[in-house]
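The values are calculated or read from the model by the stated rules, or taken from the named source; none is laboratory data. Computed from a predicted model, the values in this text were never measured in an experiment. Here the Cβ positions follow ideal geometry from the backbone for every residue, glycine too, while neighbour counts run over all protein chains shown. To get the accessible areas, we keep the full protein, side chains included, count just its heavy atoms, and leave off ligands, DNA and RNA. Shrake-Rupley method; radii C 1.70, N 1.55, O 1.52, S 1.80 Å.
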Amino acid sequence: MAGFKFKLQPVLEMREREEREKKLALAELERERMWIENRIRGYQRNIETEQSSLAQMLGTQGGVDLRGARLQANAAVSNRFSAQRAVLELAGVHHQIERARTELAEASARRKAVELLRDRQQEAFELEQRRRESIEMDDMSVMRYSRGQGTLR
């Protein structure tokens with residue numbers, strides 16, 4: 001007897017590929033998010049270092065190096081602007097991540113729908129196989145009984 005063959009197997013494989021692609025896209029966005037977050041942390045460390053250096057320069061008892069203090073302040077401001085740009089980039093990436101998660105969930109649902117159809121068709125096929133086997137067994141029993149009846153007469 002022939003085994004079960006799902007006629008929509010190419011569709012299922014296409015849905016699985018689509019889902020895999022969505023997972024890869026989401027992973028790439030997550031990598032980008034982590035990279036931006038690391039940049040922001042670096043800017044924050046730089047800002048803290050610059051502020052600390054500026055405080056030390058201004059807190060010294062002798063002559064204040066105004067040129068050095070101005071350079072320190074400018075460096076801190078530059079780091080703040082860079083951090084703010086990175087925060088805006090991060091917000092955009094978060095939005096893209098949410099959209100990618102939604103697309104992945106939809107792709108997973110489409111794949112699962114085809115898998116469910118396959119499972120139902122396979123169950124129906126197996127049920128039909130068992131029904132046919134049962135009929136064949138009944139037929140063989142009837143023929144065996146009939147042969148037995150013929151020899152007893």
What dipole magnitude, in Debye to the nearest 20, does region 1-125 give about its Cα centre under +1 on Lys/Arg Cβ and -1 on Asp/Glu Cβ?
-> 180
May I ask you to give the solvent-accessible area per residue for region 67-140, in square angstrom, as obtained with a 1.4 angstrom probe?
-> 70
Describe numerically, in nm with one decimal, the distance between label points set 7 Å from Cα along Cα→Cβ at Arg85 and at Ala27.
-> 3.1
Under a cut-off of 22 Å between alpha-carbon atoms, report the lysines in cross-link reach of Lys5, not counting same-chain residues fewer than 8 places apart.
-> Lys112
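In nm, what is the difference between 0.36 nm times the number of residues separating Val64 and Ser52 and their Cα-Cα distance?
2.8 nm
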Of Leu58, Leu29, Leu104, the one that fluctuates the most in a GNM where the chain has Cα springs shorter than 10 Å | Leu58
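If I take R0 = 25 Å and measure r between the Cβ atoms of Leu127 and Gln9 in this structure, what FRET efficiency does the formula 1/(1 + (r/R0)^6) give, to the nearest 0.05?
Efficiency, rounded to the nearest 0.05: 0.80.
Could you tell me the calculated FRET efficiency between Val77 and Arg20, based on Cβ-Cβ distance and R0 = 30 angstrom, to the nearest 0.05? Numbers along the way, then the final one.
Numbers: r = 45 Å, r/R0 = 1.51.
Efficiency, rounded to the nearest 0.05: 0.10.
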GNM flexibility winner over the chain from Glu18, Glu126, Glu37 (Cα, springs under 10 Å) = Glu126
At Glu136 and Asp119, where each label point lies 7 Å from the Cα along Cα→Cβ, what is the point-to-point distance in nanometres?
-> 2.8
Percent of accessible area on region 14-153 owned by carbon and sulfur, 1.4 Å probe?
-> 54
Rg to Rh ratio, the chain, alpha-carbon atoms and Kirkwood radius?
-> 1.60
What relative contact order, as a whole-number percentage, does region 17-153 give when Cα pairs under 8 Å and 6 or more residues apart are counted?
-> 34
